[in-house]
Amino acid sequence: MIQDYFDWDVQIFLYFNNLGNEKWDWFWLLVTDKKTWIPLYVIFLILLYVKLGWKKTLLAGVCIALMIACADQFTNILKNSFQRFRPCYTESIQGLFRPIDCEGRGRYGFTSAHASNHMAIAIFIGILLRRHYKW
């Protein structure tokens, strides 16, 4: 069953990758860059400070740092367990997609560390602020 998922995943990757063109590559590289999201997280820290005060915001910052560390370690365990190559390193699909920004990345891509980190932060901040903001 897991192989069916991987086959399905590759087909979806190839479909979306081939929809794109070089004109939009800059946009997707910007969206997936970690530094792009720093202003959003600064806004979250400001909202936490306004609603919870500096002591709870500091505690939340420590908790967020610990969550990121845990999510990164768990992701590394999964990556080393599955050893699923990123598309750039998958021989069977070479030439079927447009490689974008393959240099400097690890060989394994499953699961996504930055997606895990973003989800951990989003859920944690959502839980902290849900009483103060309905959105």
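The values are calculated or read from the model by the stated rules, or taken from the named source; none is laboratory data. Everything numeric here is computed off the predicted structure, so don't read it as measured data. Neighbour counts run over all protein chains shown; Cβ positions are idealised from the backbone, glycine included.
Here are some notes:
- Among (1) surrounded by 13 or more Cβ atoms within 10 Å (Cβ to Cβ); (2) at pLDDT 80 or above; (3) outside any helix (DSSP H, G or I); (4) not basic (K, R), the one test that G95 misses: (1)
- Condition broken by C88, with the remaining ones in (1) in contact (Cβ under 8 Å) with a residue 24 or more places away in the chain; (2) surrounded by 14 or more Cβ atoms within 10 Å (Cβ to Cβ) satisfied: (1)
- Subset of the stretch 111-123 (residues that are surrounded by 16 or more Cβ atoms within 10 Å (Cβ to Cβ) and part of a helix (DSSP H, G or I)): A113, S116, N117, H118, A120, I121
- Put simply, of L19, L30, L78, L52 the only residue that is hydrophobic (A, V, I, L, M, F, W, C) and farther than 29 Å from D101 by Cα is L52.
- In this structure, V10 does not satisfy being over 14 Å from the mean Cα position of the chain (by Cα) and at pLDDT 95 or above.
Residue-wise test of (1) among the acidic types (D, E); (2) more than 16 Å from the chain's Cα centre (by Cα); (3) at pLDDT below 85; (4) surrounded by fewer than 16 Cβ atoms within 10 Å (Cβ to Cβ).
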position	(1), (2), (3), (4)
A60	no, yes, no, no
A65	no, no, no, yes
I68	no, no, no, no
F74	no, no, no, yes
Q83	no, yes, no, yes
D101	yes, no, yes, yes
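- Residue match in the stretch 100-108 (condition: of a type outside the set (D, E), touching a residue at least 24 places away in the same chain (Cβ under 8 Å) and in contact with a strand residue (DSSP E or B) (Cβ under 7 Å, 6 or more places away or on another chain)): yes
- In the stretch 43-52, the residues that are exposed (fewer than 14 other Cβ atoms within 10 Å of the Cβ) and over 13 Å from A122 (Cα atoms): I46, V50
- Pair list, Cβ < 6 Å and 6+ apart or interchain, from the stretch 51-80 residues that are β-branched (V, I, T) to residues that are part of a helix (DSSP H, G or I): T57/L48; T57/Y49; I64/I121; I68/N117; T75/A113; T75/S116
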